[in-house]
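The values are calculated or read from the model by the stated rules, or taken from the named source; none is laboratory data. Computed from a prediction, not measured in an experiment: that's the story for all the values here. Here the Cβ is made from the backbone with ideal geometry for all residues, glycine too, and neighbour counts use every protein chain on show. Accessible surface is based on the protein model in full, side chains and every heavy atom, while ligands, DNA and RNA are left aside. Shrake-Rupley method; radii C 1.70, N 1.55, O 1.52, S 1.80 Å.
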Amino acid sequence: DTAVHLIRPQMQVSGRTLSIARKHLLAPKWHRDFETLAALPLWQGQRLNTLLEHVNLANYTVNELVNWKVEDALYREFVLSPVIVGGEHELNWRRELWENFYPRVRHENTTSDAAAIVVRFLRQRVTIAPNYPKQAGVESMWNGHIVNLEDFEILYTAALRSVGVPARLNEKHGAEFWTGSQWETPPRPLATTWVE
């Protein structure tokens, strides 16, 4: 067991490592989330630790930390899933975003209040430059501190998901979040009003 836990960060997702995770690394309450994510083909070549972090943090945030309820179907597709845009290859974003955003929203009672705080901090941390080149994924966007309008919407969606707010991109590729009763455009900075 000790060897499995020590080498886990370096292990790549494969049939063998998924089997090891099922037997030795999962809390019983994570099994369903793990199977949901493990079934996605995007994990091939990714680190097992990244998959486990998505399962652990999403489950912990929604089931133990946030002050709002998230329906199971919304949770699985719009909180648990690390895929914001198809074809994404950078999936290791949840922990860093969670560590930066969750402390700011932990006392909020609604997804609307949390979204307002998320966008304020996001704009403090990231510059929007409309003609900036497209980036590879959420990690690059966050760590680069500068994004174009489209990438801002992707990063905003990931930041909302990281704190347990169901979020997705709409047909215009703008961020939307679940209020508890409907999908709405979250609060946004003036630089992104073109999406509305």
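Points worth noting:
- Entry note: the chain has Rg to Rh equal to 0.97, where both radii use alpha-carbon atoms and Rh is the Kirkwood radius.
- With Cα atoms, 0 to 90° folded angle of helix 94-105 axis to the chain main axis: 50
- Largest GNM mean-square fluctuation across 46, 124, 12, computed for the chain with C-alpha springs under 10 Å, falls on 124.
- Other-chain or far-sequence residues with amide H under 5 Å of residue 12's (modelled H): 48
- Charges were assigned to the Cβ only: +1 to each Lys and Arg, -1 to each Asp and Glu. The resulting dipole of the stretch 44-95 about its Cα centre is roughly 120 debye.
- Positive dipole terminus of the chain, leading residue within 132, 36, 73 (C-beta point charges): 36
- Considering only 110, 57, 86, and ranking their Cα positions along the charge dipole of the chain that arises from unit charges at the beta-carbon of Lys, Arg, Asp and Glu, the one farthest toward the positive end is 57.
- Electrostatic dipole magnitude of the stretch 1-140 [Cβ: Lys, Arg +1; Asp, Glu -1; Cα centre; debye, to 20]: 200
- Using θ = phi - 60° and Karplus 6.51 cos²θ - 1.76 cosθ + 1.60, couplings along the stretch 111-123 (whole Hz; Gly, Pro as x): 5, 5, 5, 5, 4, 5, 6, 4, 5, 4, 5, 4, 5
- Here the relative contact order of the chain, from alpha carbon pairs under 8 Å that lie six or more residues apart, stands at 19 percent.
- Prolate/oblate/rounded call for the stretch 80-133, Cα gyration tensor, a/c under 1.5 rounded: oblate
- Between the helical axis of 48-60 and the longest alpha-carbon principal axis of the chain there is an angle of about 60 degrees.
- Packing around the peptides 149-155, 30-36, 78-84, 88-94, taken as the average count of other Cβ atoms within 10 Å per residue, puts them in this order, highest first: 149-155, 78-84, 88-94, 30-36.
- Cα gyration tensor shape for the stretch 136-182, rounded if a/c is under 1.5, else prolate or oblate: oblate
- Theoretical ellipticity at 222 nm over the chain - DSSP helices of four or more residues, -39500 (n - 2.57) apiece, nearest 500: -12500 deg cm²/dmol
- Shape class of the stretch 33-138 from the Cα gyration tensor (axes a ≥ b ≥ c, square roots of the eigenvalues): oblate, since a/c reaches 1.5 or more and a/b does not exceed b/c.
- Apportionment of accessible area to carbon and sulfur, the chain, percent (1.4 Å): 50
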